[in-house]
Structures are given as C-alpha cells and as structure tokens.
Amino acid sequence: MIALALVMISYSSRAQRRILTQRMENQAAELRHQQELLQRNLLVQEEERQRIAAQLHDDIGSKLGVLHLAFHRLRRADRTEKSTEPMYEEINTLISNALETTRRISHELLPPTLEDFGLLEALSEFFESVRKTGAVSVHFDHNVARSDFPNPATELHLFRIVQELTSNSLKYASAHNISVHLTKADDNAIQLHYRDDGNGFDQETMISKGLGFRNLQNRTKMIGAEFQVRTAPGQGFEMNITLPLSRS
C-alpha cells in the first residue's frame, strides 16, 4: 500500500509538472505572439507614414510648386486691371501656405534629416522647430556619434520616442523647460535621459490607460532597450532609456 501510494504521488507530481510546463510554454508562446503583433503594428505605422510623406512631397508638393510658378507667370503677364492685384496676392499667399504646410507635414512624418544625417542632426532640427514656437525652452546635448548607433531602425525608434515625449510635454504637461541628454556609458550602452518640469501625473494611471505610453514601451522593446520613469503630480516627468549596444 505504501509503495502504491508513493507511485501514485510520483505519477501525480510528474503530471502536475507536465501541466505546469505546458502552461508556461503556452504563456511564453502567447507573449511572443503578442510581441510580434506589436512589432508588426509599429512597422505598419512607419510604412504608412513613409507612404503619406512620399505622396505629400512627390504628388501634392510638386503640383503646388508647378501651380505656384504658373501663377507668377500669369501675374507678371497681366497688369492691366489694378483691381485684380489683391486677388493675385491672396491666391499667392494661399499657395505659399499650402506649400509650407505640405513640407512641414512631410517632414514631421518622415524627417529627411533623419535618413540623410542621422538621429543627432534630426533631434537638433526638431528641437529648433520646438524652440521657435516660443512655448518651451529645450536643452539638448550629447557625447555620442552617429556611428555609435547600431542601425537606422534604432535611430528611428529613438527619434519617435523623443517626439512622443516632447508632444506630451507640450500638450498635457504645460512644461516650460525640457532637457534631453544622449550619452554613451562606460558599459557599452547608450543612455537617453528626458526630463520636463511640467505638471507630472500619477504613474499608475499613465501605465494602465495611456496608449502613448504603450507605444513607448513597444518601441523600447523593439530595440532591446530598458527604461525607468519617475513622475508624480506637480513634480514633472523623467524618463531614462538604456540601450545596451550588444543587444542591437
């Protein structure tokens, strides 16, 4: 009886271990599947941005440019009616505004500086445009070079992360100052430190309800980075991202 009981206990224990192992494997497979879905979603978003940017630049922008030149030829050719001059000026202003808006949207969707010159130049250009709004003061410094980044995809994701954080600081945090530091640590990792002096918020609420925060999480996972967030109501926002170069 004792031997039978031991056999039954052993069998039950092995069965439970098999069930637990299978359950853990199923959970791991589900997590991998979710991660693949998230990665594909972000890739589709970037591809869509590239497509829209190309259409704005190549199609709408080029047609507006041709229209602009034709309008200038028309204005130089017909000066007989003085009463038409205000109309010419209004049309010229509308075309110029449309061209500028098309250029700005195209650059926001896919900054050509990022593709041509890399993350550091793209961030410098981006922060300069933010400063020109007069809404916030931005300090940006770094001790890294473009060659320190493993690939263009990593640069793109880091740019989108900073873009999202800056947008949040302007839209929701009412920040007056933003500081961004990019440094190469001694342990062969790149550190991105972002901070604003805005309103801050409850961190648990941000994690549970914030779609933008989930996008940030997904982007950091895609490049193999880790991050820490420090924020509280009335205490600003701070995010530190560590990108181990050996993982990328």
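The values are calculated or read from the model by the stated rules, or taken from the named source; none is laboratory data. Everything quoted here is computed from the prediction, not taken from an experiment. Every residue, glycine among them, receives a Cβ derived from its backbone with ideal geometry; neighbour counts consider all protein chains shown.
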Exercise for the section: Please tell me if residue 94 is among the hydrophobic types (A, V, I, L, M, F, W, C), modelled with pLDDT of 70 or more and closer than 30 Å to residue 163 by Cβ. Expected result: yes
Problem - Residue within segment 206-218 that is charged (D, E, K, R), outside any loop (DSSP other than H, G, I, E, B) and at pLDDT 90 or above present - result: no
Practice task
Mind listing whichever residues of segment 175-194 are under 19 Å from residue 123 (Cβ atoms) and polar (S, T, N, Q)?
Solution key: 177, 179, 183, 191
Practice task
Evaluate the following for residue 148: is it farther than 26 Å from residue 232 by Cα, in contact with a Lys or Arg (Cβ under 9 Å, 6 or more places away or on another chain) and of a type in the set (Asp, Glu)?
Solution key: yes
Problem - Single condition residue 233 does not satisfy, out of (1) touching a helix residue (DSSP H, G or I) at 6+ places or on another chain (Cβ under 9 Å); (2) at pLDDT below 90; (3) not charged (D, E, K, R) - result: (1)
Exercise for the section: Using the structure shown, decide if residue 131 is among the charged types (D, E, K, R), over 26 Å from residue 236 (Cα atoms) and in the same structural domain as residue 215 (by TED's automatic domain parsing). Expected result: no
Problem - Index of the failed condition, residue 134 passing every other in (1) surrounded by fewer than 16 Cβ atoms within 10 Å (Cβ to Cβ); (2) touching a residue at least 24 places away in the same chain (Cβ under 8 Å) - result: (2)
Handout entry: Subset tally (residues that are without any contact (Cβ under 8 Å) to a residue 60 or more places away in the chain, surrounded by 14 or more Cβ atoms within 10 Å (Cβ to Cβ) and in contact with a strand residue (DSSP E or B) (Cβ under 7 Å, 6 or more places away or on another chain)) for segment 160-177
Key = 3
